[in-house]
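J.: Mind looking over this structure? Questions follow.
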Amino acid sequence: MNNNKLLYRQVQSPMVLKMAKWIIGIFLVIGLCSHFIANDMPLLANYEGSVSSPATVEFLSDIGIVESRIYDETKFKWKIMSPIPYSSDQLNSRVNVSVGPLDNQEVASLRYRHWLGTDQLGRDVLAGLIHGTNIALKVGLLSVFFSLLLGLYIGLLSGYFGDNGWKINVFALLIGTLIMALGLYYILYPIIVDPGLFYYLILTFIVTILQLALNKFIPGSKKPSISLPIDLITTKIIEVLNSIPTLFIILALLAIFTKPSIWNVIIIISIIGWPKFARLVRAEILQIKNIEYIQSAKSIGLSDFQIILRHALPNAITSVISISAFAISGAILLESTLSFLGLGIPLDQVSWGSMLADARVNFSSWWLAVFPGLAIFFVLISFYIIGNQLNEKMNARH
């Protein structure tokens, strides 16, 4: 026990915390700028007499803003390349297949050396690590963000209203349920054809407007009305999700998504992750909803939703901040596991998990296991250390 306490103190020392913050900072910068750090397209070039940024055009075409463009390498008068002049999916010549970082490499100059070696297809490992950082960043942050939003919303309603606190007009309930069902259908079905982010933004806007219009124009009569057992429904859903093995849920959801995509992984992790946020928020609201200042707010005429926004929500947010870092590390680890198993993201995309999977069938290529493994280890342990620090601060405030 004493050894465990000593180890914990060493891990939580100021120097270790500072190193963890630096690692997470570097992780964020590389993840956000990965397309411009490792790319075989020039950052800036003179192409056919005009100055342009082919790397930026390629980035904008990937997210669907502009059309893709094919460049002729012979028409560049001058060009400025990325620090790593390779893309993660770029196949090199046969002579540089499965070469290690210390092996002799046939490259034009030191500028084009594969500093961390190549895989069995000749793809640059360093470029793959950088691209994998982008995937880990997207999955980690976005999946936790969506899980947090959903868990916060459900946990607030469940804890505050309980089973008898929310009475709703029957007509409004039926129309609202129909709107939500249609919205869910048009969210899940198009995933098969992957319509893009713009489609979902427009869909979310339309569903929100319909819900607001419903709440605005439905007559205010309370009769006929029913009490929604929100707390009972929430707790039963959480119990069902917790009773089913996580791997089974993942495989069942992956069977729905016929086309592999990183968004599929984000949606799956969000569905798996929201219950832990909802449970924590619900417990927090159950503790504070009967406190005097909440009762005073009710006595002066504030509506339930005004009380939730002004008093309940700030307390709920502070309670979930401490576990967000742990949730991000868990999401990154789960994405790496799915990639290692060949599930989730497309097979042509390089991630930390897919690089580890390549090392499994190439035992002599030690660099395919060491570098992605170290990246996963340092990022996860850094989030764990920061999460512990946040948890201690939240406990000190309480």
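J.: Step by step: first the residues of region 360-386, then only those that are assigned to a loop (DSSP other than H, G, I, E, B), under 18 Å from H114 (Cβ atoms) and not aromatic (F, W, Y), then the one that is most open to solvent (accessible area, probe 1.4 Å). Which residue is that?
T.: S364
J.: Hey, another quick one. Looking only at region 244-261, decide whether some residue is among the aromatic types (F, W, Y) and at pLDDT 90 or above.
T.: Within region 244-261, the subset among the aromatic types (F, W, Y) is 248, 257.
Now drop any that are not at pLDDT 90 or above, which leaves none.
For region 244-261, residues among the aromatic types (F, W, Y) and at pLDDT 90 or above: absent.
J.: Quick one: how many residues across region 90-130 are assigned to a loop (DSSP other than H, G, I, E, B) and either of a type in the set (F, W, Y) or under 26 Å from F377 (Cβ atoms) (or both)?
T.: Matching residues across region 90-130 total 15.
J.: Oh, and also: With (1) assigned to a loop (DSSP other than H, G, I, E, B); (2) open to solvent by 10 Å² or more (accessible area, probe 1.4 Å) as the list, and Q389 as the residue in question, which single condition is left unmet?
T.: So Q389 meets the others, but not (1).
J.: Across region 358-383, which residue is farthest from V29 (Cα to Cα) among those that are at pLDDT 90 or above and among the aromatic types (F, W, Y)?
T.: W366
J.: Please enumerate the residues belonging to region 273-289 that are open to solvent by 50 Å² or more (accessible area, probe 1.4 Å) and either within 28 Å of K138 (Cβ to Cβ) or in a loop (DSSP other than H, G, I, E, B) (or both).
T.: Passing the criteria: K276, R279, L280.
J.: Out of S68, S61, which single residue is open to solvent by 20 Å² or more (accessible area, probe 1.4 Å), on the phi < 0 side of the Ramachandran plot and outside any loop (DSSP other than H, G, I, E, B)?
T.: On inspection, the qualifying residue turns out to be S61.
J.: Right, next: How many residues does region 290-305 hold that are open to solvent by 50 Å² or more (accessible area, probe 1.4 Å), assigned to a helix (DSSP H, G or I) and more than 17 Å from G162 (Cα to Cα)?
T.: Looking only at that region, the number is 4.
J.: With closer than 19 Å to A127 by Cα and either out of contact with any strand residue (DSSP E or B) (no Cβ under 8 Å at 6 or more places or on another chain) or in contact (Cβ under 8 Å) with a residue 40 or more places away in the chain (or both) as the only criterion, which of D72, D40 stands out?
T.: Details: D72 fails: closer than 19 Å to A127 by Cα.
Sole residue among the options that is closer than 19 Å to A127 by Cα and either out of contact with any strand residue (DSSP E or B) (no Cβ under 8 Å at 6 or more places or on another chain) or in contact (Cβ under 8 Å) with a residue 40 or more places away in the chain (or both): D40.
J.: Still on this structure: Give all pairs with beta carbons closer than 7 Å in which a residue from region 226-254 that is under 13 Å from P275 (Cα atoms) meets a residue that is open to solvent by 80 Å² or more (accessible area, probe 1.4 Å); count only pairs at least 6 apart in sequence or on separate chains.
T.: Matching pairs, first to second residue: I238/R279.
J.: Also, quick follow-up: For region 306-359, which residues satisfy the criterion of being polar (S, T, N, Q) and either free of Cβ contacts under 8 Å to residues at least 60 places away in the same chain or assigned to a helix (DSSP H, G or I) (or both)?
T.: Q306, N315, T318, S319, S322, S324, S329, S336, T337, S339, S354
J.: Within 23 Å of H35 (Cα to Cα) and within 20 Å of the chain's Cα centre (by Cα): does that describe S324? If you could, list the steps in order and put the result at the bottom.
T.: On the way: within 23 Å of H35 (Cα to Cα): no; within 20 Å of the chain's Cα centre (by Cα): yes.
Criteria not met by S324.
J.: Could you list all residues from region 33-51 that are touching a Pro at 6+ places or on another chain (Cβ under 9 Å) and farther than 14 Å from S88 by Cβ?
T.: Within region 33-51, P42, L43, L44, A45, Y47 qualify.
The values are calculated or read from the model by the stated rules, or taken from the named source; none is laboratory data. Computed from a predicted model, the values in this text were never measured in an experiment. So basically every Cβ, Gly included, is an ideal-geometry build from the backbone, and we count neighbours across all protein chains shown. Remember, those area values only see protein heavy atoms, side chains included, never the ligands or the DNA or RNA. Shrake-Rupley method; radii C 1.70, N 1.55, O 1.52, S 1.80 Å.
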